[in-house]
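Participant: I have a structure here, written as structure tokens, and I will follow up with some questions on it.
The values are calculated or read from the model by the stated rules, or taken from the named source; none is laboratory data. Remember, it's a predicted structure, so these values are computed and weren't measured experimentally. Note that each Cβ is placed from the backbone with ideal geometry, even for glycine, and that neighbours are counted across all protein chains shown.
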Amino acid sequence: MKKILEVCVDSVESARNAAAGGADRLELCADLVVGGVTPSLALYERVREVVEIPVHVLLRPRFGDFLYGQEDFEVLKRQARSFREAGADALVIGCLTRAGELDMEQMKALMETAGDKPVTLHRAFDMCADQEKALEAARNLGVRTILTSGGYASALAGAEVLKRLQELSGEVEIMAGAGIGAGAIRELYEKTGITSYHMSGKKVLESAMEYRNPRVNMGLPQLSEYEIWQTDEEAVRLAKETLEEMDHCGE
């Protein structure tokens, strides 16, 4: 039984922790607190130096929706080219139309730019009006993997849809994401049969800053300037052990 535990990381420390916990591969991004955007080449290069597992790179030029105008899309194409040339193991993309369908023209252009690199369709899929129709479109494009919560806030909430997508998936890998940990993996496997999972496994670390200015906020007002999100090695290890137990049960 094929099983995959992918961990989404946005720092070198998180990449190290994910690899040490037994992750099969990484999805590398920046700014995970806003759902992730494209990482810098410098971050990618350093992560490559400290881990040996495959690194898939998220391509998302900005926070917000997945409806990309000419300038956003030009940036996306350049990012795809840069990370293909840098040796990323796969590219993670997603472009939508105003009507909530995959933008086939933009997706095709990005996949052509990716060349022989495998492509994952990220959770832009969950923003589609019709997931089954989007699955068929992704299959026709040659997408290798779809990361999805079934169109809900968490994979557990979307379990019924995920089960249907898994049944229809054929050669496309359905990877469940959003709210994933050891317990969710066990429950989702029983409900859906899915064996590929995507998690961040984050823990919140207190800043080491001694002086703190309470009058200034550098970003979203609901986020503290004095907290750091980082992947928890133990959370990844527990999730990996759960996948291995499922594997043995299926033998």
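Participant: Just to be sure, is Leu58 more than 30 Å from Leu243 (Cα to Cα), touching a residue at least 12 places away in the same chain (Cβ under 8 Å), surrounded by 14 or more Cβ atoms within 10 Å (Cβ to Cβ) and not charged (D, E, K, R)?
Facilitator: No.
Participant: In the range 12-24, how many are within 18 Å of Ala86 (Cβ to Cβ) and buried (at least 19 other Cβ atoms within 10 Å of the Cβ)?
Facilitator: 1
Participant: Does Gly219 count as surrounded by fewer than 12 Cβ atoms within 10 Å (Cβ to Cβ) and on the phi < 0 side of the Ramachandran plot?
Facilitator: When the stated conditions are applied, Gly219 passes them.
Participant: May I pose another question? Cβ contacts < 8 Å: first residue charged (D, E, K, R), restricted to the range 67-79; second residue at pLDDT 95 or above and not in a helix (DSSP H, G or I), any location; separation 6+ or different chain. Result?
Facilitator: Asp72/Pro61; Asp72/Arg62
Participant: For the range 193-244, which strands (runs of 3 or more DSSP E) that fit wholly inside it have 2 or more residues that are within 30 Å of Leu162 (Cα to Cα) and in contact (Cβ under 8 Å) with a residue 40 or more places away in the chain?
Facilitator: 196-199, 227-231
One line per residue, one yes/no per condition, for (1) more than 23 Å from Ser196 (Cα to Cα); (2) of a type in the set (Val, Ile, Thr):
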site: Glu49; (1), (2): yes, no
site: Leu58; (1), (2): no, no
site: Gln106; (1), (2): yes, no
site: Ala109; (1), (2): yes, no
site: Thr113; (1), (2): yes, yes
site: Glu132; (1), (2): no, no
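Participant: Right, something else. Taking the range 172-182 as the region of interest, how many residues are free of Cβ contacts under 8 Å to residues at least 40 places away in the same chain and touching a helix residue (DSSP H, G or I) at 6+ places or on another chain (Cβ under 8 Å)?
Facilitator: Going residue by residue through the range 172-182, those that are free of Cβ contacts under 8 Å to residues at least 40 places away in the same chain are 172, 174, 176, 179.
Among the residues that remain, those that are also touching a helix residue (DSSP H, G or I) at 6+ places or on another chain (Cβ under 8 Å) are: 172, 174, 176.
Final tally of qualifying residues: 3.
Participant: Determine whether Glu85 is surrounded by fewer than 12 Cβ atoms within 10 Å (Cβ to Cβ), closer than 24 Å to Arg25 by Cα and not hydrophobic (A, V, I, L, M, F, W, C).
Facilitator: yes
Participant: Separate question: Would the range 97-110 turn up any residue that is in contact with a His (Cβ under 7 Å, 6 or more places away or on another chain) and either at pLDDT 95 or above or not in a helix (DSSP H, G or I) (or both)?
Facilitator: no
Participant: Scanning for something out of contact with any helix residue (DSSP H, G or I) (no Cβ under 7 Å at 6 or more places or on another chain), surrounded by fewer than 19 Cβ atoms within 10 Å (Cβ to Cβ) and of a type in the set (Ser, Thr, Tyr), does the range 153-166 turn up at least one residue?
Facilitator: Yes, that holds for at least one residue.
Participant: Scanning for something in contact with a Pro (Cβ under 9 Å, 6 or more places away or on another chain) and in a loop (DSSP other than H, G, I, E, B), does the range 45-59 turn up at least one residue?
Facilitator: No: zero hits.
Participant: Restricting the first residue to the range 1-17 and requiring it to be assigned to a loop (DSSP other than H, G, I, E, B), which pairs with a second residue that is of a type in the set (Asp, Glu) and surrounded by 17 or more Cβ atoms within 10 Å (Cβ to Cβ) meet a Cβ separation below 9 Å and a spacing of at least six or different chains?
Facilitator: Listed by first residue and then by second, the contacts come to Lys2/Glu173; Lys3/Asp24.
Participant: Please identify the pairs in which a residue from the range 116-137 that is over 26 Å from Pro54 (Cβ atoms) and surrounded by 19 or more Cβ atoms within 10 Å (Cβ to Cβ) has its Cβ atom under 9 Å from the Cβ atom of a residue that is of a type in the set (Phe, Trp, Tyr) and at pLDDT 95 or above, counting only partners at least 6 apart or on another chain.
Facilitator: Pairs found: Gln131/Phe125.
Participant: Looking at the range 111-147, which of its residues are among the small types (Gly, Ala, Ser) and in a helix (DSSP H, G or I)?
Facilitator: Once the filter is applied, which keeps residues that are among the small types (Gly, Ala, Ser) and in a helix (DSSP H, G or I), the range 111-147 yields Ala114, Ala124, Ala134, Ala137, Ala138.
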